[in-house]
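First up is the structure itself, then whatever we jot down about it.
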Amino acid sequence: MDAANATLVERRDLTGDIASLFVEPDGSAAPIAPGQYATLGILEGDREIRRPYSMATPHAVDGAWEFHVRRVPGGALTERLWDVPLGGRLRLGMPKGRFTPDPTERRSHLFVATGTGIAPFVAMIRDDVAAGRSRPIVVVHGVAHADELGFSGLLASLAARRGSWFRYVPTVSRPADPRSAGWTGETGRAETLIGERWELLGLDPRRTVAYLCGNPGMVGAASGALVQHGLSVADVHTESYWLERTATPAA
């Protein structure tokens, strides 16, 4: 019996190894809380290979869920995902996870991401825009190469339109690489920027809640830096992304 319950309806490539995959579930889409993840799976005979990925949408858009995924060389699932054609069948799990913001929170929100860890924050931001919320948001997105800045057009556009309530601070750790040619923005790792250039963000730690998502090194270092800057431990929310070869959340 075919256990697939969803279809790959669109794919947008950012680089050779990063893409947004739009997956349409059979029947009615389950409700999503911004920041949640769901598993994607591929069936090989009677074996299912699956991994969890955060969604970049706060709800189904035209019936599809958007996943922002990095292909891991030698990875059990993503190498196969890259071979799935449009119209290909997948196994889609139910939305899960508590990495979700409080919609009634009025304090400034600091979102810090590395790589594809930007996805849950895009869902949160899209939800705020759709709901008409105007709480202050600062987004720090760290990548190795400038061409890996997923959703940069959306985030830069919001920063230009929304004025002081929305700031977008992308940073590139390998600015000399040819893939970063022409980059004139911030350089260095996201956690270094948080730790050493806090004043750049213009945030009052007493009125800020932070969400961190990405590689464990960044999450750990940035969490410590934020507490040193005066944020309460209870106001620093984290989700680590690991390589898909491990059994932990989204890669």
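The values are calculated or read from the model by the stated rules, or taken from the named source; none is laboratory data. Owing to the predicted nature of the structure, the values given are computational and were not obtained by experimental measurement. Glycine gets a Cβ as well: all are built from the backbone with ideal geometry, and neighbour counts include every protein chain shown.
Report the residue count in region 109-140 for those that are basic (Lys, Arg) and surrounded by fewer than 20 Cβ atoms within 10 Å (Cβ to Cβ).
Qualifying residue count for the region: 2.
With the requirement that a residue be free of Cβ contacts under 8 Å to residues at least 40 places away in the same chain, under 25 Å from Pro52 (Cα atoms) and aliphatic (A, V, I, L, M), what does region 126-148 give you?
Passing the criteria: Val139, Val143, Ala144.
Considering each residue of region 177-200, count those that are buried (at least 19 other Cβ atoms within 10 Å of the Cβ) and of a type in the set (A, V, I, L, M, F, W, C), and give that number.
Looking only at that region, the number is 4.
Considering only strands (runs of 3 or more DSSP E) fully contained in region 53-135, which possess at least 2 residues that are under 28 Å from Ala146 (Cα atoms)?
Once the strands (runs of 3 or more DSSP E) in region 53-135 are filtered for at least 2 residues that are under 28 Å from Ala146 (Cα atoms), what remains is 65-70, 108-114.
What do you reckon, is Arg174 of a type outside the set (Phe, Trp, Tyr), surrounded by fewer than 23 Cβ atoms within 10 Å (Cβ to Cβ), assigned to a loop (DSSP other than H, G, I, E, B) and out of contact with any Pro (no Cβ under 7 Å at 6 or more places or on another chain)?
yes
Quick check on this structure: which one of Arg133, Arg106 is under 21 Å from Tyr168 (Cα atoms) and at pLDDT below 90?
Arg133
In this structure, is Gly88 in contact (Cβ under 8 Å) with a residue 12 or more places away in the chain and in contact with a Leu (Cβ under 6 Å, 6 or more places away or on another chain)?
yes
Got at least one residue in region 141-161 being surrounded by fewer than 16 Cβ atoms within 10 Å (Cβ to Cβ), within 26 Å of Arg189 (Cβ to Cβ) and among the hydroxyl-bearing types (Ser, Thr, Tyr)?
Within region 141-161, one or more residues are surrounded by fewer than 16 Cβ atoms within 10 Å (Cβ to Cβ), within 26 Å of Arg189 (Cβ to Cβ) and among the hydroxyl-bearing types (Ser, Thr, Tyr).
With respect to Gly75, is the statement that it is within 18 Å of Glu239 (Cα to Cα), small (Gly, Ala, Ser) and crowded, with 17+ Cβ neighbours inside 10 Å true?
Considered against the rule, which asks whether it is within 18 Å of Glu239 (Cα to Cα), small (Gly, Ala, Ser) and crowded, with 17+ Cβ neighbours inside 10 Å, Gly75 comes out as no.
So, in region 8-52, of the ones that are more than 24 Å from Phe111 (Cβ to Cβ) and in contact with a helix residue (DSSP H, G or I) (Cβ under 9 Å, 6 or more places away or on another chain), which residue ends up surrounded by the fewest Cβ atoms within 10 Å (Cβ to Cβ)?
Glu44
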